[in-house]
Amino acid sequence: MIGFIIAGLVIGVLARLIKPGKQHLGMLATLLLGLAGSVIGGVIANLLGTGDIFELNILGFVVAVIAAVLLIGVAEGMAGRRSVRR
């Protein structure tokens, strides 16, 4: 479980480094988006038959980082939309 949290944090941080621009996300949001990306990457890797959902492998890691980048974009879009409405 601790390994899963650390992997999620690493994936979230990598996704924030890859995504251009400044993200207005805290450490908790980065962790949660990294964990969500990690789960998505694990599920896709499992569906492709390259490993278990909680097993660290290259394909799952790459998909997890891509998913986390997309999730960060969605989170930024939602946060930006909320601030425009005010």
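Once both labels are positioned 7 Å from their Cα atoms along Cα-to-Cβ, the gap between His24 and Ile2 label points is 3.6 nm.
Among (1) 15.8, 56; (2) 13.4, 47; (3) 11.9, 34, which is the computed Rg and Dmax of the Cα atoms in Å? Among (1) 15.8, 56; (2) 13.4, 47; (3) 11.9, 34, the one derived from this structure is (2). By accessible area, using a 1.4 Å probe on protein heavy atoms only, the chain has 74% of its surface on carbon and sulfur.
For chymotrypsin sites (Phe, Trp or Tyr not before Pro), the sites in region 1-84 that DSSP calls loop and that have at most 16 other Cβ atoms within 10 Å are Phe54. Between Ala67, Ala75, Ala45, the GNM of the chain built on Cα springs shorter than 10 angstrom shows Ala75 fluctuating the most.
Using only alpha carbon pairs under 8 Å that are at least six residues apart, calculate the relative contact order of the chain and give it in whole percent. Over the chain, the number comes to 31 percent. Net charge of the neighbourhood of Gln23, taken over other residues with C-beta under 11 Å away and scored Lys/Arg +1, Asp/Glu -1, is +2. Extending 7 Å from the Cα toward the beta-carbon at both Val62 and Asn46 defines two label points whose distance is 2.1 nm.
Note on the chain: dipole from Cβ charges, positive end direction compared against Val69, Ser38, Gly21; the farthest Cα belongs to Gly21. Surface analysis of the chain yields an accessible area of 65 Å² per residue, using protein heavy atoms and a 1.4 Å probe.
The values are calculated or read from the model by the stated rules, or taken from the named source; none is laboratory data. None of these values were measured; they are calculated from a predicted model. So basically every Cβ, Gly included, is an ideal-geometry build from the backbone, and we count neighbours across all protein chains shown. These area figures cover heavy atoms from the full protein model, side chains too; ligands, DNA and RNA do not enter into them. Shrake-Rupley method; radii C 1.70, N 1.55, O 1.52, S 1.80 Å.
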